[in-house]
1. Is it the case that residue 408 is touching a helix residue (DSSP H, G or I) at 6+ places or on another chain (Cβ under 7 Å) and either surrounded by fewer than 17 Cβ atoms within 10 Å (Cβ to Cβ) or in contact (Cβ under 8 Å) with a residue 40 or more places away in the chain (or both)?
2. Take residue 8 and tell me if it is in contact with a helix residue (DSSP H, G or I) (Cβ under 6 Å, 6 or more places away or on another chain), outside the structural domain of residue 337 (by TED's automatic domain parsing) and in contact (Cβ under 8 Å) with a residue 24 or more places away in the chain.
3. Going through 100, 42 one at a time, which residue ends up being closer than 28 Å to residue 194 by Cα and either without any contact (Cβ under 8 Å) to a residue 12 or more places away in the chain or outside the structural domain of residue 164 (by TED's automatic domain parsing) (or both)?
4. Residue by residue through segment 37-48, note down the ones that are in a helix (DSSP H, G or I) and farther than 12 Å from residue 65 by Cα.
5. From 342, 337, 349, which residue is in contact with a helix residue (DSSP H, G or I) (Cβ under 7 Å, 6 or more places away or on another chain) and closer than 30 Å to residue 193 by Cβ?
6. Please work out which one of (1) farther than 29 Å from residue 491 by Cβ; (2) in contact (Cβ under 8 Å) with a residue 24 or more places away in the chain is the condition residue 438 fails and give its number.
7. Tell me, please, whether a residue that is at pLDDT 95 or above and touching a strand residue (DSSP E or B) at 6+ places or on another chain (Cβ under 6 Å) can be found in segment 321-334.
């Protein structure tokens, strides 16, 4: 067969512009059928193979093997996949950029032009993994934590600041801006890529496992290791088996008061029990009609926790609504709609592709949940949490009722809550749960409730847009009164950057080997991950994080026991302060595209700390001999213009 790239190339007119794309319909006309029955994720892989067909890394057998998947719902064929772009963060992404800098040194040494060394695929690096919660529950917490962040990470930040100006096809989102997956979801993701008039699906790999969050926007992506990411950055294909695809059918709708966090913890439990390691998961069914995009992104985010390579939601009307909400250009939105509909990548009502196997969840059966105390798949219904915590203490043979005095005017008990964090990429840019947390805080403050003094509280949103709409809604002051002041825009507590506990609390925990708890709106809760002194860690929705901070303990059944008393001395229960779905929706409706446009207008510029970092502007990096972090690797030091002769090892 002749070059399949040329045979499938077609034109698509959108508004006044004419674009090109590789057509699935044209492929069918060549006698290669069963395309429409493929899962959406495999259609995206198919387009990738067609567009990169070279009869060397991609040949006709690869394309035929992917089409034959429909028959057996399985394949042992290995293919060469080329993602559109690469997403990095400031821990795992730095080595790849160091390698680029070293290549420039080698190029200069060999008499070449260093500036020719650049990523071949677009790379975005978001600095979000370095901020720590040193200061909390004060108006200046954010300012202090950012200052500490720059003090601790000077070497890396000087290097990345240089790279931001030195390399083409490489962009850096500076510290204090947001979490990489929120920035990707709200700004970087295009859904359909337009490269000089050629349209194709936006795809990526990332150096962070939760890169899968963008699956909620209909963009195929997953996390990879540094070597694979660097290969993709340099235009090399990633070798992968054609995966099995599990279809996860969603029907019905969530009940009043049930959040996206409750849903994702339920999905995680189901898929862990099923076993989906190495597989794609694709969501379908009429339940998607009632699932906002932010909720879809929350589910996609936890793909690593439920064990899958990705958790994908196809493009539909909700995708377009979100693109419009987040201020994407009208041209981009029009391209997404026209291209996906033309290519069969648009989710139609009652569309049901062929899957390797399926699962089903009726959304109306989901209940308020947490997960823990040590694994994200160990879901516990909120009504059963007290019993679960009691069992944990009994297994450890702890004296549950004994009080341990601190140097402050309170005592600690086993099971007490010492960290309550609204944090992580999973939930902190989901407007419904953030507004719910703010409304719950408002209701609690108005009834005279306060967070317990032994609880370290923090709020680390996924993007600055969250701060914008919480302030506009008048809810941030109530969160502040309960100690949930802004501490930074980054991963913070979810990756262990929770900072030290106050000495009076830390000392009593150490001296008495207390089993204390943390509750966070994150995605992982392994023992010791959140804080080395905290053994029981619970994942929960942002409003539940606030609620447990009020209670001060995880040994409580919030369905039946009061959180505290109001100004008149009457018991206050969770149901008394839980916001209605209608009130949450009312606040969410106030979020506008202008908020996103404002915050992302200068997303790559950074604050004064970033702008004041002194760099040379040179084509090669001036390595610091005394650096303990950023070193010139030895890989290219003995490189010559000609390859040496092969010889036995």
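1. Working: touching a helix residue (DSSP H, G or I) at 6+ places or on another chain (Cβ under 7 Å): yes; either surrounded by fewer than 17 Cβ atoms within 10 Å (Cβ to Cβ) or in contact (Cβ under 8 Å) with a residue 40 or more places away in the chain (or both): yes.
Judged against the criteria, residue 408 is a match.
2. So residue 8 passes the test.
3. Of 100, 42, the one residue that is closer than 28 Å to residue 194 by Cα and either without any contact (Cβ under 8 Å) to a residue 12 or more places away in the chain or outside the structural domain of residue 164 (by TED's automatic domain parsing) (or both) is 42.
4. The answer is 40, 41, 43, 44, 47, 48.
5. Criteria check complete, one pass: 337.
6. Looking at each condition in turn, residue 438 falls short on (1).
7. Yes, some residue in segment 321-334 is at pLDDT 95 or above and touching a strand residue (DSSP E or B) at 6+ places or on another chain (Cβ under 6 Å).
Per-residue answers, yes or no, for (1) at pLDDT below 95; (2) part of a loop (DSSP other than H, G, I, E, B); (3) buried (at least 19 other Cβ atoms within 10 Å of the Cβ):
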site: 205; (1), (2), (3): no, no, yes
site: 212; (1), (2), (3): no, no, yes
site: 215; (1), (2), (3): no, no, yes
site: 221; (1), (2), (3): no, no, yes
site: 236; (1), (2), (3): no, yes, no
site: 240; (1), (2), (3): no, no, no
site: 243; (1), (2), (3): no, yes, yes
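The values are calculated or read from the model by the stated rules, or taken from the named source; none is laboratory data. The structure displayed is predicted, hence computed values, not measured ones. A quick note on method: Cβ atoms are made from the backbone with ideal geometry, for glycine too, and the neighbour counts reach across all protein chains shown.
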